[in-house]
Amino acid sequence: MSIILDKISCKYETDMINEHYALKCITAKIEDGEFIGVIGHTGSGKSTLMQILNGLVVPSGGSVYYNGEDIHEKNYNLYKLRSEVGMVFQYPEHQLFETTVFRDVCFGPKNLGWSKKEIELSAFEALFQMGIESELYYQSPFDLSGGQKRRVAIAGVLAMKPKVLILDEPAVGLDPMGKRNILDKIAEIKAERNCTVILVSHSMDDIADYVNRVWVLDDGKLIIDASVKEVFSHKRDLEEIGLAVPQITSIMHMLKDKGLVVNTNVTTIDEAKMEILRKLR
Amino acid sequence: MLRDITIGQYYPADSIIHRLDPRVKLFFVFIYVLSLFMFGNLVSYCLATILLVVAIYYAKIPVKFLIRGFKPIFVLLIFTTFMKLFITDGTVWFKLWKFTITKEGVIDVIHILVRILYLIIASSLLTYTTTPTRLTDALEQVFKPLNKLKVPVHELTMMMSIALRFIPILVEETDKIMKAQSSRCMNFSSGNILKRIKNLVPILIPLFVAALRRADDLALAMESRCYQGGEGRTKMRILKYKRQDFFVYILLAIYFVFSLIIHLLL
Ligand SMILES: Nc1ncnc2c1ncn2[C@@H]1O[C@H](COP(=O)(O)OP(=O)(O)OP(=O)(O)O)[C@@H](O)[C@H]1O
Ligand SMILES: [Mg+2]
């Protein structure tokens with residue numbers, strides 16, 4: 001069970017004349033149960049790559065294999081793919097449309113043709129997992145706050161019980177609490193269902209805290225595909241393409257510059273604490 | 001598919017037609033379309049064709065883009081053609097099972113096709129070569145006299161320019177929403193007509209919400225920059241006729257008078 005990207009490239013017609021390659025020859029493999037983080041500057045092609053994984057954008061070159069089958073083969077069932085690879089878009093709250101929160105969450109499972117009982121059970125479960133208070137279930141989704149809407153929209157995808165969950169900047173535009181909240185929930189769900197998660201984020205701290213493996217995109221190219229520790233040891237390279245290391249890592253770098261010879265290959269606060277204590281002892 | 005909608009799109013290029021005064025182009029398209037519908041004879045159609053070909057040539061716009069504009073109305077066009085072809089009474093040319101094709105029917109179809117196609121080409125040529133701002137500037141200038149009759153010309157043209165500006169944004173928004181719903185396994189293209197209409201709900205509601213949100217934002221942004229309508233508002237670029245503009249007016253007059261004479265003679 002895996003997803004393989006084989007020399008994917010993708011072009012868009014920008015205005016009416018010009019073409020623009022949003023992705024250039026991307027090759028990678030995703031194993032079951034991985035938690036992958038995707039970083040890259042604005043316009044580096046993150047969203048495009050995620051939509052290709054879901055079969056929503058057809059690449060102009062290369063192929064995508066899901067469990068060994070080419071998803072752009074003529075008689076490949078894209079509905080089946082989308083039922084197994086769930087995608088939460090950037091600003092997913094913009095896709096809400098039903099009269100009540102609960103009905104909106106049921107929309108995805110309903111399209112899968114499950115029985116009524118299964119649909120409702122799955123919707124309840126997803127809403128519960130995303131921490132939506134039960135008073136809100138029968139309210140209009142348009143009356144909720146931004147963060148609540150976001151969680152409802154994510155629940156709408158979770159209710160389909162995807163085996164692979166793709167999240168395109170799920171926490172953008174939320175306050176720090178709401179952000180932590182959503183990411184913690186996702187980590188919880190991942191641990192519980194043992195699914196594969198791909199998380200796009202602009203926050204290096206979030207990436208360092210949650211994921212195992214990181215993809216760095218720069219101008220449509222996959223330039224680094226490595227573990228968190230290794231990616232954030234390339235401080236210079238990341239800064240060159242407009243990215244950064246997690247705050248705690250840069251603090252360690254500063255300490256080192258000031259003369260405290262610590263190991264800078266640290267990505268979380270706990271690790272940093274241990275390292276500094278070790279040094280001061 | 002949605003990106004085929006080309007109404008109101010601008011094609012950036014540097015050509016004589018692009019540089020013409022927008023009022024000239026506006027009058028030109030108006031008179032041109034008028035002439036298409038007033039004079040329906042072979043000679044005037046030939047003249048109209050020549051004019052159109054010359055304009056396309058000088059506008060430096062690839063024919064590909066002009067043809068793209070037809071795609072959305074293609075089905076409609078085919079449908080009207082067949083309806084007209086089979087239900088018009090008159091001299092029977094030939095019979096096909098239950099349908100009869102008449103001479104009048106064929107002539108009518110030719111009229112309809114030429115007029116609609118030329119109308120679309122001419123008007124998309126106008127928007128391809130004129131930015132929405134210039135176009136609305138021109139409209140405002142042309143209709144300025146109506147201000148005296150208490151018609152809010154500035155406001156109306158402003159509305160038009162905003163509408164034009166919003167077409168690509170809404171197209172993009174629709175694209176995004178369609179993608180989001182199809183990632184929730186929504187099936188657009190199955191079921192009977194009733195089901196398909198119901199299928200539009202998950203697209204249309206988020207689209208309306210998005211449009212209202214954008215309209216709200218825009219209104220706020222305009223107000224916070226002290227926009228208060230046309231009264232006393234000055235323009236950064238003032239429209240001024242140049243030599244080539246008069247030349248085009250003369251060309252237009254010759255075309256119109258000539259067509260009129262032929263129409264009266266025939
Ligand atoms: N529908 C589209 N039509 C034309 N060009 C597009 C379209 N979507 C994306 N692009 C272009 O493709 C490139 C990659 O866009 P993409 O949305 O994948 O970037 P991103 O990494 O997700 O950026 P962000 O961090 O801002 O979300 C950009 O240059 C963008 O202009
Ligand atoms: Mg993006």
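Rounded to two decimals, what ratio of Rg to Rh does the protein assembly as shown give with C-alpha atoms and a Kirkwood Rh? A ratio of 1.07. Taking B:LYS71 as the anchor, which aspartates and glutamates have their alpha carbon closer than 13 Å to its alpha carbon, excluding any fewer than eight residues away along the same chain? Excluding near neighbours in sequence, the set is B:ASP4. Note on the range B:13-158: with charges restricted to the Cβ of Lys and Arg (+1) and Asp and Glu (-1), its dipole about the Cα centre is near 160 debye. Here the range B:2-265 is assigned +1 on the Cβ of each Lys and Arg and -1 on the Cβ of each Asp and Glu. Its dipole about the Cα centre then comes out at about 340 debye.
Rolling a 1.4 angstrom probe over the protein heavy atoms with all chains in place gives the range B:2-265 an accessible area of 63 Å² per residue. Calculated accessible area for the range A:12-118 comes out at 45 Å² per residue, all protein chains present (probe 1.4 Å; ligands, DNA, RNA ignored). Divided by 2.2 N^0.38 Å, where N counts the residues, the Cα radius of gyration of chain B comes to 1.23.
Shown are B:MET158, B:MET83, B:MET186, whose ranking by accessible area with a 1.4 Å probe and every protein chain present, most to least, is B:MET83, B:MET158, B:MET186. When the listed pairs A:LYS24/A:LYS229; A:LYS185/A:LYS279; A:LYS74/A:LYS116; A:LYS149/A:LYS273 are checked against a 30 Å cut-off, the alpha-carbon distance exceeds it for A:LYS185/A:LYS279; A:LYS74/A:LYS116; A:LYS149/A:LYS273. At an R0 of 22 angstrom, the distance between the Cβ atoms of A:VAL172 and B:ASP217 translates into a FRET efficiency of 0.80.
Just the protein heavy atoms count here, and of the accessible area of the range B:2-265 at 1.4 Å, carbon and sulfur take up 71 percent. Once both labels are positioned 7 Å from their Cα atoms along Cα-to-Cβ, the gap between A:ARG103 and B:LYS148 label points is 5.6 nm. Within the straight-line cut-off of under 16 Å between alpha carbons, the lysines reachable from B:LYS242 are B:LYS25, sequence neighbours fewer than 8 places apart in one chain being disregarded. Considering only A:LEU243, A:LEU56, A:LEU23, the mean-square fluctuation computed in a Gaussian network model of chain A, springs between alpha carbons under 10 angstrom, is largest for A:LEU56. The largest accessible area among B:TYR11, A:TYR12 belongs to the first residue in A:TYR12, B:TYR11, and the rest follow in falling order (1.4 Å probe, all chains).
Ranking A:LEU158, A:VAL200, A:LEU280 by Cα position along the charge dipole of chain A, where only Lys, Arg, Asp and Glu carry charges on their C-beta atoms, puts A:LEU280 farthest toward the positive end.
Just checking the listed ones, A:ARG82, A:ARG180, A:ARG150: in the Gaussian network model of chain A with Cα springs under 10 Å, the one fluctuating most is A:ARG180. For the options A:ILE119, A:ILE251, A:ILE224, a Gaussian network treatment of chain A with springs between C-alpha atoms closer than 10 Å singles out A:ILE251 as fluctuating the most.
In this Cβ point-charge picture (+1 for Lys and Arg, -1 for Asp and Glu), the range A:14-104 has a dipole of about 100 debye about its Cα centre. With the simple spin-label model, which puts each label point 7 Å out from Cα in the Cβ direction, the B:VAL75 to A:ASN265 separation comes to 6.1 nm.
The values are calculated or read from the model by the stated rules, or taken from the named source; none is laboratory data. Bear in mind that the values here come from a model prediction, so they are computed numbers and not experimental data. Cβ coordinates were reconstructed from backbone atoms using ideal geometry, including for glycine residues, and neighbour counts include every protein chain displayed. These accessible areas exclude ligands, DNA and RNA; they are computed on the full protein's heavy atoms, side chains included. Shrake-Rupley method; radii C 1.70, N 1.55, O 1.52, S 1.80 Å.
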